[in-house]
Structures are given as C-alpha cells and as structure tokens.
Amino acid sequence: MKIWKIESEKQFYDIIIKYDKDKLKLLLDNKENYYGNPIDVPKKNGYRQIYCINKRCDLYRIQKRMVDNFLKNIKVSDRTCGFVKGSSYYDFMEPHKDFYKRNQYLRLDLKNFFGSISKKMVTDCLLYYVDEKIVNRDELIKMIFEILTYNNILIQGAITSPIISNIVFRELDIRIQKYCRKYDIIYTRYADDLLFSGYNSILLKKTFYKGIEKIVGSRGFQINYLKTKRAKEYISLNGFVIDNDIRLSRKKLEEINRIIFFLNRKDELKKIKKGDVSGLNMHLRKETNINTDRFAGKYELLNYLNGYRAFIISAMKYSEDENFLSKSKNKIEKLEDIVNKIAK
C-alpha cells in the first residue's frame, strides 16, 4: 500500500525512513557536516546556490526514502510539469500550441522560488499528511521539517526540495487554474515558470496578471516582472518557440552552429582533446561580443554537447516539421561525431 499520510511514529521510522529515532536526532543536530559549503552556479542575473549532499551519507539516504516511500505518493496539481516523474519541459509547453496561430501568451516568473517557501508553509502543509491522532505529532512534524530543510529553508540540491515545492504550491496551482478557467485561458507551471495562453485579450492586460499576483502573494510568493514575457501568435522561451508547433529558436541554434563549425577544425579539436578550450572561448567571444569564457574546460564542453544532443532529440519528439526533423537528425550525427573524437 502506498503511504501518502503518516499514521504513526512507528510507520514513519520503521517503514518510511527506516532509521532509528535517537540516531536521527543526533544526525539532525549536526546537519552542517552533511551540507558543507554551497556551490555558486552562474545565472543571468547573479548566482544560484546549490548544496550537494554526499549520496553515501545517512542524511541523503533518509531523504531518498522520504521521497520514495512517502512524498512521491502525495498528489500534486496536474498543471505542474517540473519535478514530476514522466513530465518534462515539453509537457509544460505542449498545451499552448495553437494551430490557428491566434494565441496570446504570458510568461510570469516567481522570485526566489525555493527561498520563498517558509517554515510555516512547509509545516502547515505537513499537518494534512501527518495524522492528528499521533501522540507526539508536533515533535514528528518538527523532525520531518528538519529532514527537509537547512537553516529553516528548502535548499536547491536536496532531493526532497523539488517535490515539497510542488506539494506546497498545489493549492495555488488549483486557485490559478480556477481563475484562468473564467477567461478560457490555459495554464501550466514548470517550477517557478508560469505560462498562460488563450484567445482572450485580457491575458495581456494588467488586470489579469494582477489577479495572478494576488493569488501567489497570498502565500508569500512574488512575481519577478523583469522576466515577464507577453506575446501574440508565438512565444520564445528558453531556446524554444511555441506557435502551432514546438521548435528550437534561431538564437539557440546559432550558438551550437558556431561551436560545431569551430570544432570541425582538426587542429583545434586536438587542443580540446588535451583540455585546452581557450581557442573556442576566444572564437565565441568574437562572435557574440560577450567578454566571459563560455567553457571552463573539456568536460564542461562535453557535458554541453551531450546535453544539446538530448535537447534536440527531445525537441524532435514534439515536432511534425519535416524540414526541422531532417536538420535535427543531421545535427545530432555531427554532435555525436565530435563528442566521440574529443572523448577518445
């Protein structure tokens, strides 16, 4: 039987996390030993802090069991596509395709998504999934909260954070969907990305997104208006274009085309095999007028090329454009050839 509600302390310790209560208390008193220092991952406007937990430590095993034996059994909104098994970024975009190309689009971004999920939000949410008849209920909820957080917040890097964010946000997803239904507007969410589409002209008016702002604001979330996108007929998001189909954007293709062109030079490919990516970085700086290095080394480049290959394969699954499919197949073959040459 799938557990979606904790009915006793014994069930929690013996079946869900499979860990002794006293040992767990000692472990949680020393959480800083497991999280260590965060890694700063660059993003467009600064850095994102990611905490890495050793997968061989007990805290990671406990969090993994929490996900497998409990959290993944809790229902989340059918409007969310991020951090959901079997869903992808394409599932987030697919409902917004429009054969007639008359759609209007609105993309809203939530500020500091994980950091906005407070202790109260998590504990209030847990109240529903921990039986009120449990004698030490408050103590158990506190223990679960400590397993899920670090310094009282959900952190990026913990295996439990994505699924908890969806559970916490479920109520807001339902409210947003109900609000959109009034105007015959389609809504999907991928983590902190909210996407709306429809024929109703209210979608691009202040009235509509102020309504969304009020809903998310009721739980302490804020909209980052610097990342707002409004569009008619099609919208470009994170390297994709959505209209009557889903395809890779010209800008996204430009970068990979530049890299493939450069890596076709045998002399430069030899340097990269030895770990020297300076020539490629210099080439990209000249082409894009960006004064920072694109790649730190050979393995970062390999990860990028393999990721892009997977990116294109995924895009092909959702496209019916024969020209795009043919070009994509050709590009995949080129990427595979380059990766094999570098990795040898």
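As a check on your grasp of the helix formula, calculate [θ] at 222 nm for the chain: sum -39500 (n - 2.57) over DSSP H runs of n ≥ 4, divide by the residue count, round to the nearest 500.
-14500 deg cm²/dmol
For segment 238-327, which GluC sites (Glu not before Pro) pass both filters: DSSP loop (anything but H, G, I, E, B) and at most 16 other C-beta atoms within 10 Å?
Qualifying residues, ordered by number: GLU320.
Can you tally the net charge around LYS266? Count Lys and Arg as +1, Asp and Glu as -1, for every other residue whose Cβ sits under 15 Å from the Cβ of LYS266.
Here the count lands on +4.
Non-local amide H neighbours of ILE155 (under 5 Å, H modeled in plane, Pro and chain starts lacking H): which ones?
Counting only residues 5 or more places away or on other chains, the set is TYR150.
Rank TYR179, TYR308 by accessible area, highest first, at a 1.4 Å probe radius?
TYR179, TYR308
Please report the carbon-and-sulfur percent of the accessible area for the chain; probe 1.4 Å, protein heavy atoms only, DNA, RNA and ligands left out.
With neighbouring chains kept in place, the figure for the chain is 48 percent.
Could you tell me which trypsin sites (Lys or Arg not before Pro) in segment 137-193 are loop residues by DSSP with no more than 12 other beta carbons within 10 angstrom of their beta carbon?
Sparse-neighbourhood loop trypsin sites (Lys or Arg not before Pro): LYS182.
Two decimals is fine: what's Rg over Rh for segment 49-88, C-alpha atoms, Kirkwood radius as Rh?
My calculation of the ratio gives 1.05.
Using only Cα atoms and rounding to the nearest 10 degrees, what angle (0 to 90) does helix 298-317 make with the longest principal axis of the chain?
Taking Cα atoms only, the helix is inclined about 90 degrees.
Counting Lys +1, Arg +1, Asp -1, Glu -1, what net charge surrounds ASP184 among other residues with beta carbon under 14 Å of its beta carbon?
Summing Lys/Arg as +1 and Asp/Glu as -1 gives +3.
Which residues in segment 122-138 have a backbone N closer than 17 Å to a point placed 7 Å from the Cα of LYS21 along the Cα-to-Cβ line?
130-138
Suppose all protein chains stay in the model; what accessible area per residue would a 1.4 Å probe give for the chain, in Å²?
Dividing the accessible area of the chain by its residue count gives 56 Å².
Using only the alpha-carbon atoms of segment 197-344, report the extent along each of the three principal axes, biggest first, to the nearest angstrom.
Sorted largest first, the three principal extents are 58, 36, 27 Å.
Please report the antiparallel percentage of DSSP beta bridges with both residues in the chain, rounded to the nearest 5.
Of those bridges, close to 90 percent are antiparallel.
For segment 19-164, which semi-axes, largest first and in whole Å, follow from the square roots of 5 times the eigenvalues of its Cα gyration tensor?
Semi-axes from the Cα gyration tensor: 32, 20, 14 Å.
Just round it to a whole percent: the fraction of Cα-Cα distances in the chain exceeding 31 Å.
Here the long-distance tail beyond 31 Å is 47 percent of all Cα pairs in the chain.
So how far apart, in nm, are the two label points at LYS97 and ASN224 if each is 7 Å from Cα heading toward Cβ?
Spacing of the two 7 Å Cα→Cβ label points: 2.9 nm.
Kindly list the residues of segment 18-35 that lie in the label zone of LYS64, defined by a backbone N under 15 Å from the point 7 Å along the Cα-to-C-beta vector.
Taking a point 7 Å out along Cα→Cβ of LYS64, the residues of segment 18-35 whose backbone N falls under 15 Å are 18-19.
Would you mind checking the tilt of helix 250-263 against the longest principal axis of the Cα atoms of the chain, expressed as 0 to 90 degrees and rounded to 10?
The angle comes out at about 60 degrees.
The values are calculated or read from the model by the stated rules, or taken from the named source; none is laboratory data. Keep in mind that this is a model prediction, so the values were computed, not measured. Don't worry about glycine lacking a Cβ; one is built from the backbone with ideal geometry, like all the others, and counts go over all protein chains shown. These area figures cover heavy atoms from the full protein model, side chains too; ligands, DNA and RNA do not enter into them. Shrake-Rupley method; radii C 1.70, N 1.55, O 1.52, S 1.80 Å.
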